[in-house]
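Peer 1: One structure is given below, represented as structure tokens, and several questions about it will come after.
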Amino acid sequence: MIRKISSPRRNIKDLAYESLKEAIISGELTPDKSITEEELANSLGISRTPLREAINLLINDGLILKRNSRLKVAPLTKQELNNLFSIREALEVMATRQATKNVDQDFISRLRKIMNKMKHAEDIEDTEEVVKLGSYFHEEIIKQANNPLLEDMLKSVLEKIKRYRHIGVSNISKRSQNAVEEHFEILQAIENQEVQEAETIMRKHIASSHETIALSKKIKGDENFEKI
């Protein structure tokens, strides 16, 4: 259920934006779903004015489409998925290169702690936890690159990829063990400050993730894509 707005201390528009964005990324508001201001306002418990402002932000994010007065949640398409992963690969390989050069013991300790938890989650077949910890692992690498602009750009791309990951979770579970092994290999290359090796393994890992998510039948081919 979409979170109702309950905090008067924060800007209602911002709270509505965050709540709707979370609902779209998690798949609660399903791709291609037609939506109306009335139903969203009722779900959030707010008036139309801040809701419209929040919707405009989501339109700018590409998460909601609008044509005339009609609204719908943006569909998931192969073209967007391919574009997102192309951008992710370029930016995250760059982040991995810089993080490997910036390596310190505290950074390695944080990655090892995440990996220990990830291995445990994989052992008990908790795929959702493996995916969540994998995200934390990548976030640590991106932060260690110490490039705020790069971090902001990747945050936007990775948030959009989460939409695809949610609908591809059944396929992701099949490669859970391989994903954990790939993260261990990335960690080892970073710890040894093997820049080229870390970049190569990261590229391979991102390509495997892309291939797995692309198997989902819920992603539209370009020939079936209509804007609204």
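Peer 1: Under 10 Å, Cα contacts only: if you run a Gaussian network model on the chain, which one of 200, 127, 30 comes out with the highest mean-square fluctuation?
Peer 2: Largest GNM mean-square fluctuation: 200.
Peer 1: Treating only the Cβ of Lys, Arg, Asp and Glu as charged (+1, +1, -1, -1), what charge dipole size does segment 1-85 show about its Cα centre? Round to the nearest 20 debye.
Peer 2: 160
Peer 1: Per residue of the chain, what 222 nm ellipticity follows from adding -39500 (n - 2.57) for every DSSP H run with n ≥ 4, rounded to the nearest 500?
Peer 2: Theoretical 222 nm ellipticity from helices: -23000 deg cm²/dmol.
Peer 1: Of 142, 202, 156, which is farthest towards the positive pole of segment 137-209's charge dipole, taken about the Cα centre with +1 and -1 on the beta-carbons of Lys, Arg and Asp, Glu respectively?
Peer 2: Result: 156, furthest along the dipole toward the positive end.
Peer 1: Right, next: What number results when the radius of gyration of segment 78-213, computed over Cα atoms, is divided by 2.2 N^0.38 Å?
Peer 2: After normalising by residue count via 2.2 N^0.38 Å, the value is 0.97.
Peer 1: In debye, nearest 20, what is the charge dipole magnitude of segment 78-213 about its Cα centre with +1 on Lys and Arg Cβ and -1 on Asp and Glu Cβ, if you could check?
Peer 2: Computed about the Cα centre, the dipole is about 360 debye.
Peer 1: Would you mind checking the pairs 117/220; 78/113; 143/217; 113/217; 119/217 and listing those with alpha carbons more than 32 angstrom apart?
Peer 2: Exceeds cut-off: 117/220; 78/113; 143/217; 113/217.
Peer 1: Take the Cβ-Cβ distance between residue 36 and residue 214 as r, set R0 to 35 Å, and report the resulting FRET efficiency rounded to the nearest 0.05.
Peer 2: 0.65
Peer 1: Something else about it: About the Cα centre of the chain, what is the dipole size in debye to 20, counting +1 per Lys and Arg Cβ and -1 per Asp and Glu Cβ, all else neutral?
Peer 2: So the dipole magnitude of the chain works out to roughly 940 debye.
Peer 1: Have a look at 46, 73, 57 and report the one farthest towards the positive end of the charge dipole of segment 30-89, computed about the Cα centre with Cβ charges (Lys/Arg +1, Asp/Glu -1).
Peer 2: Value: 73.
All of the numbers you see were taken from the coordinates with simple rules; none came from a lab. Here the structure is a predicted model, which is why all the values come from computation and not from measurement. Backbone-built Cβ (ideal geometry, glycine too); neighbour counts: all protein chains shown.
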